[in-house]
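Everything below concerns the one structure shown next.
The values are calculated or read from the model by the stated rules, or taken from the named source; none is laboratory data. All of these numbers come straight from a predicted model, not from anything done at the bench. Reconstructed Cβ throughout: ideal geometry from the backbone, glycine too, with neighbour counts over all protein chains shown. Side chains included, ligands, DNA and RNA excluded: accessible areas come from the protein's heavy atoms. Shrake-Rupley method; radii C 1.70, N 1.55, O 1.52, S 1.80 Å.
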Amino acid sequence: MRPRKRKNLDPRMEAASAVLVGQPEQHRGAWRALFGAPPHAPLDLELGCGKGAFICELARREQGRCLIAFDKVPEVLVLALEKAVEAGLSNLRFVLGDAAFLDNYFAPGEVSRLYLNFCDPWPKSRQAKRRLTHRSFLAAYMRLLGPGGELHFKTDNRPLFDFSIGELTACGFALSQVSYDLHAENPAFNIVTEYERTWSEKGYPINRLVATVTDRTAPAPARKRAAVADPL
Ligand SMILES: C[S@@+](CC[C@H](N)C(=O)[O-])C[C@H]1O[C@@H](n2cnc3c(N)ncnc32)[C@H](O)[C@@H]1O
């Protein structure tokens, strides 16, 4: 479904431009400097941030971490920008961009943690390559995360979750904190996203995992990976 056209999109983007990074490739390898943070400060990304409730609350809770959120749809991103400006969060910036081009924006090993919340499931088998947990995306994530880096993943879509576990395992990520009903556990760390609220209120259990890059997490071309049956 196409997002609704927002009224006055350009002036609204302009008004919130203090938190928008216009030329992200210029910061490749030097993002922490943009925040005035020391070189060892953690740098985290959210891919597909939508309307921004999750990343704004994370920035409020984790003021020692530098946060960057991506979305490729301006009509949605503008709402996240406006939330961040209103909240006055100095450790958060946004990029209007596609997760397919992360290598252009980040140097290898530059990122500490990557959040992927309720990405589109692309349910048809022929669309599998578009899923943000397909191994081609995972190969890019492992490059920018480096050893010890973490991918935090949530979805209401159980077939996508099963597919993602297969892909992450095939790529040698170490899985931990795997939950098939996060809200039953009700952990204090959980920040509910806009999609999470909608789908959990409809009765869908929320799945979550953390995937860590290890020495065994090989870059994509380095070794042949087993094909995974498509559960979607
Ligand atoms: C289903 S929504 C989830 C939004 C939010 N994470 C949440 O949980 O409420 C998926 C979001 O990802 C964005 N998106 C999809 N593919 C993307 C890509 N390749 N790069 C950046 N953003 C993407 C969409 O525009 C949309 O805002």
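Here are the numbers:
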item	result
From the options VAL73, VAL85, VAL78, residue that is aliphatic (A, V, I, L, M) and open to solvent by less than 20 Å² (accessible area, probe 1.4 Å)	VAL78
Unique match (being small (Gly, Ala, Ser), without any contact (Cβ under 8 Å) to a residue 12 or more places away in the chain and not assigned by TED's automatic domain parsing to the domain that holds ASP230) among GLY88, GLY97	GLY88
Of all residues in region 188-206 being polar (S, T, N, Q) and more than 9 Å from the ligand (Cβ to nearest atom), the one that is farthest from ALA53 (Cα to Cα)	SER200
Criterion (free of Cβ contacts under 8 Å to residues at least 40 places away in the same chain and within 16 Å of the chain's Cα centre (by Cα)) met by exactly one of THR133, THR155	THR133
Number of positions in region 126-161 that are hydroxyl-bearing (Ser, Thr, Tyr) and either within 11 Å of the ligand (Cβ to nearest atom) or at pLDDT below 95 (or both)	1
Residue check, ALA107 closer than 16 Å to PHE70 by Cα, touching a residue at least 24 places away in the same chain (Cβ under 8 Å), of a type outside the set (Lys, Arg) and surrounded by fewer than 20 Cβ atoms within 10 Å (Cβ to Cβ)	no
Filtered residues of region 135-163 (kept if in a helix (DSSP H, G or I), touching a strand residue (DSSP E or B) at 6+ places or on another chain (Cβ under 6 Å) and under 24 Å from LYS202 (Cα atoms))	PHE161
Tally, over region 65-76, of residues that are of a type in the set (A, V, I, L, M, F, W, C) and touching a residue at least 40 places away in the same chain (Cβ under 8 Å)	3
Positions within region 104-127 being in a helix (DSSP H, G or I) and not polar (S, T, N, Q), in sequence order	TYR105, ARG126
Count - residues of region 17-70 that are open to solvent by less than 50 Å² (accessible area, probe 1.4 Å) and acidic (Asp, Glu)	3
Total residues in region 56-79, condition out of contact with any helix residue (DSSP H, G or I) (no Cβ under 7 Å at 6 or more places or on another chain) and within 11 Å of the ligand (Cβ to nearest atom)	5
